[in-house]
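To start, the structure itself, in structure tokens.
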Amino acid sequence: MLLLHGSSSSNNTFPEDAKEKCLLGSLLGNSEELKKFIKQSYIRVSRQIGGANAAKLGKVAEDFVLKILKRELSGWTLKRNGKVTGISHTDDGRETSFDIVAKSPNSKYFAIEISFQFTTNGTIERKAREAKDRARLLQSAGHFICYVIDGAGNINIRENAVKTICNYSDCTVALSETEIVLLSQFLKVASIE
């Protein structure tokens with residue numbers, strides 16, 4: 001019923017983009033409009049569009065984490081798509097990019113990677129493949145690697161990937177304000193050890 005008539009229900013709080021997708025019931029009997037909707041829906045679910053949407057949502061997740069870390073880590077340098085000086089996993093020496101890099105006032109670096117429910121399976125699998133090397137590179141230079149992981153899809157379906165990430169992480173938290181505050185507390189303590 002939701003998919004057929006969700007857009008025409010009254011007094012609802014559905015997001016606008018959800019309402020646009022839940023209007024099949026209003027198209028029944030109008031074959032031209034139904035064909036148009038189905039063609040547009042095919043584009044909406046294509047891998048290219050899915051990847052673009054995941055990238056947009058990834059930025060929202062990064063903004064959320066960054067906002068809380070900025071509030072909690074006064075005097076720290078925080079950078080999205082940041083790099084840690086001297087850390088490279090390529091033959092040409094290009095420095096490795098991390099979702100967020102936090103630099104403490106005493107120059108300890110914390111690379112923070114974020115994976116959440118709506119990123120593709122390939123994203124969490126890639127982060128798991130890279131986890132051991134990233135941990136080795138950062139830790140041997142006296143720095144840290146941390147992960148923010150969210151979503152039942154990641155935790156239940158990609159259990160092995162999450163387990164691998166946790167094994168090579170200095171601190172792993174979920175994507176919630178309380179957990180990001182815990183991450184900031186870890187960063188503060190680890191930066192002075």
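Data overview
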| item | result |
| --- | --- |
| Hey, Ile49 aliphatic (A, V, I, L, M) and modelled with pLDDT of 70 or more or not | no |
| Restricting region 177-190 to residues that are in contact with a Phe, Trp or Tyr (Cβ under 8 Å, 6 or more places away or on another chain) and surrounded by 17 or more Cβ atoms within 10 Å (Cβ to Cβ), the residue that is nearest to Ile114 (Cα to Cα) | Ile180 |
| Where a residue in region 158-178 is without any contact (Cβ under 8 Å) to a residue 40 or more places away in the chain and its partner, wherever it lies, is in a helix (DSSP H, G or I) and acidic (Asp, Glu), with Cβ under 6 Å and at least six apart | Ala161/Glu125; Val173/Glu179 |
| Number of the exception - Lys127 against (1) touching a Ser or Thr at 6+ places or on another chain (Cβ under 8 Å); (2) closer than 17 Å to Thr164 by Cβ; (3) modelled with pLDDT of 85 or more | (3) |
| Where Ser10 falls short, out of the listed (1) at pLDDT below 90; (2) within 22 Å of the chain's Cα centre (by Cα); (3) not basic (Lys, Arg) | (2) |
| Residue count, region 179-193 (criterion: in contact (Cβ under 8 Å) with a residue 12 or more places away in the chain and either more than 24 Å from Ala141 (Cβ to Cβ) or under 16 Å from the mean Cα position of the chain (by Cα) (or both)) | 4 |
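The values are calculated or read from the model by the stated rules, or taken from the named source; none is laboratory data. As the structure is a prediction and not an experimental result, all values here were calculated from the model. No Cβ is skipped: glycine too gets one built from the backbone with ideal geometry, and neighbour counts run over all protein chains shown.
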